[in-house]
Amino acid sequence: GRETRLRVVLRVRPLTCTETRRGDRRVVHSLGDGTIHVSAARHDATFGFSAVFDAGASQEAVFEGSGMRQLVELALDGFSCTVFAFGQTGSGKTYTLMGPLTQSETPPAAPGLLGLMQRSFACLLEQSRSRGSDLALSASYLEIYNEQVRDLLSPGPPCALPLRWSKTRGFYVENQLSVDFESLEAIADLLLQGSQRRQTSAHALNRHSSRSHALLTIHVRSRAVSARKGRGGGQSITPPTWVPQPSACPSKQGTLCFVDLAGSERVKETGSSGELSVEANNINRSLLALGHCISLLAKARGKRTHIPYRDSKLTRLLARSLGGSGITLMVACISPSSRCLSETLSTLHYASRARRVTTRP
Ligand code: ADP
Ligand code: MG
């Protein structure tokens with residue numbers, strides 16, 4: 001019930017070949033110690049985060065240094081945990097969460113390139129085995145596309161699911177599919193299937209730009225078991241008297257949610273028109289709503305006004321992670337290129353503000 005701050009880390013992606021070829025300058029430099037410096041013609045600013053990952057940082061370094069492992073452990077302990085990647089289109093959000101995208105026909109990405117999600121799945125399964133408790137794992141995968149919530153795991157054409165609110169559950173999606181899994185292969189397969197159903201379109205800034213916000217949630221249900229069962233098989237350990245008996249042990253239910261936001265973008269820069277610009281406007285509107293909620297949440301609790309979670313589907317689904325009982329990690333992603341300067345500054349300001357947001361897990 002104590003207040004805890006949102007943990008915000010920053011990742012700078014390397015310059016892409018195109019950016020290097022056309023001679024873009026690097027305007028972002030890590031100073032070590034979680035600080036980053038932006039220097040360009042009329043800008044000179046330093047920002048601090050819980051951790052900063054420079055262009056050379058490996059996927060493993062991001063997993064270990066971001067606090068992702070602890071988040072997995074907290075989910076196993078029964079907390080609602082969320083990690084979300086945030087930043088301009090093409091800044092490396094999907095890469096950070098899932099690694100380089102591969103289609104089902106192509107060979108899978110090299111293990112070293114796997115993202116936070118696959119690494120978390122491995123850690124989750126490993127931990128759940130070593131804890132020896134009886135854990136049931138299941139996954140659901142949704143996207144918010146043009147302000148509609150769709151199930152990415154149910155076969156057939158996408159249909160919109162209703163988003164409801166109840167006093168006990170908060171905002172929740174009705175009739176979403178939840179699929180049980182027991183192995184790393186099974187959950188990796190669900191991720192692949194779902195991400196291939198996701199709406200993406202190619203535009204000027206990114207060949208596989210995600211046009212929807214995607215939320216993959218792992219549900220962890222632990223059935224309390226007797227201390228005598230579990231690992232070590234036949235060993236008989238007499239529990240000390242203060243250890244509650246199995247029947248008295250409440251079962252724990254944790255969640256681990258990965259949110260891959262569609263990128264913020266200027267319609268002008270992406271060359272979007274027609275349907276694409278409708279998508280872009282919906283994306284921008286929900287990101288604006290998210291930004292608005294974060295600014296209000298960043299104020300001291302006593303000074304807060306009403307938080308308009310209801311302004312978008314995205315903010316409704318993130319209400320618990322941002323202002324409720326969740327534990328949240330935000331990975332802000334930026335490009336180092338001079339051409340992205342204004343979007344980069346906006347991401348940095350947004351992310352700095354998010355550091356003041358607190359929740360009560
Ligand atoms: P976003 O999801 O933010 O729109 P992507 O994750 O799709 O952006 O990244 C855009 C491009 O940059 C992709 O081709 C991706 O492989 C590449 N990329 C992003 N981050 C990195 C990184 N840290 N190292 C190497 N390539 C990266
Ligand atoms: Mg993406």
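For this structure, a couple of remarks:
- Single residue of region 255-272 satisfying the filter (modelled with pLDDT of 65 or more and within 15 Å of ligand 1 (Cβ to nearest atom)) that is farthest from the chain's Cα centre (by Cα): Ser264
- Thr96 in a helix (DSSP H, G or I) and in contact (Cβ under 8 Å) with a residue 60 or more places away in the chain: yes
- Output for region 150-159, where each listed residue is out of contact with any Phe, Trp or Tyr (no Cβ under 9 Å at 6 or more places or on another chain) and outside any loop (DSSP other than H, G, I, E, B): Arg150
- The helices (runs of 4 or more DSSP H) found entirely in region 1-84 that carry 1 or more residues being over 18 Å from the mean Cα position of the chain (by Cα) are 17-21.
- Failed item, numbered, when Ala351 is tested on (1) part of a helix (DSSP H, G or I); (2) aliphatic (A, V, I, L, M); (3) over 16 Å from the mean Cα position of the chain (by Cα): (3)
- Candidates are the residues of region 59-93 that are at pLDDT 90 or above and among the β-branched types (Val, Ile, Thr); the one that is nearest to ligand 1 (Cβ to nearest atom) is Val62.
- Test: residue in region 38-49 that is more than 20 Å from Ser337 (Cβ to Cβ) and surrounded by fewer than 22 Cβ atoms within 10 Å (Cβ to Cβ): yes
- Filtering region 134-149 for residues that are touching a Phe, Trp or Tyr at 6+ places or on another chain (Cβ under 9 Å) and either within 30 Å of Leu31 (Cα to Cα) or within 14 Å of ligand 1 (Cβ to nearest atom) (or both) leaves an empty set.
For every residue, the table says whether it meets (1) modelled with pLDDT under 90; (2) crowded, with 17+ Cβ neighbours inside 10 Å.
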{"position": "Ala298", "(1), (2)": "yes, no"}
{"position": "Pro308", "(1), (2)": "no, no"}
{"position": "Ser312", "(1), (2)": "no, yes"}
{"position": "Arg316", "(1), (2)": "no, yes"}
{"position": "Ser325", "(1), (2)": "yes, no"}
{"position": "Met330", "(1), (2)": "no, yes"}
{"position": "Ala354", "(1), (2)": "no, yes"}
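- Scanning region 59-80 for residues that are over 16 Å from Val12 (Cβ atoms) and among the β-branched types (Val, Ile, Thr) yields a single hit, Val72.
- Qualifying residue in region 275-284 (condition: charged (D, E, K, R), modelled with pLDDT of 75 or more and in a helix (DSSP H, G or I)): no
The values are calculated or read from the model by the stated rules, or taken from the named source; none is laboratory data. If you're wondering where the values come from, they're calculated on a predicted model, not measured in any experiment. Don't worry about glycine lacking a Cβ; one is built from the backbone with ideal geometry, like all the others, and counts go over all protein chains shown.
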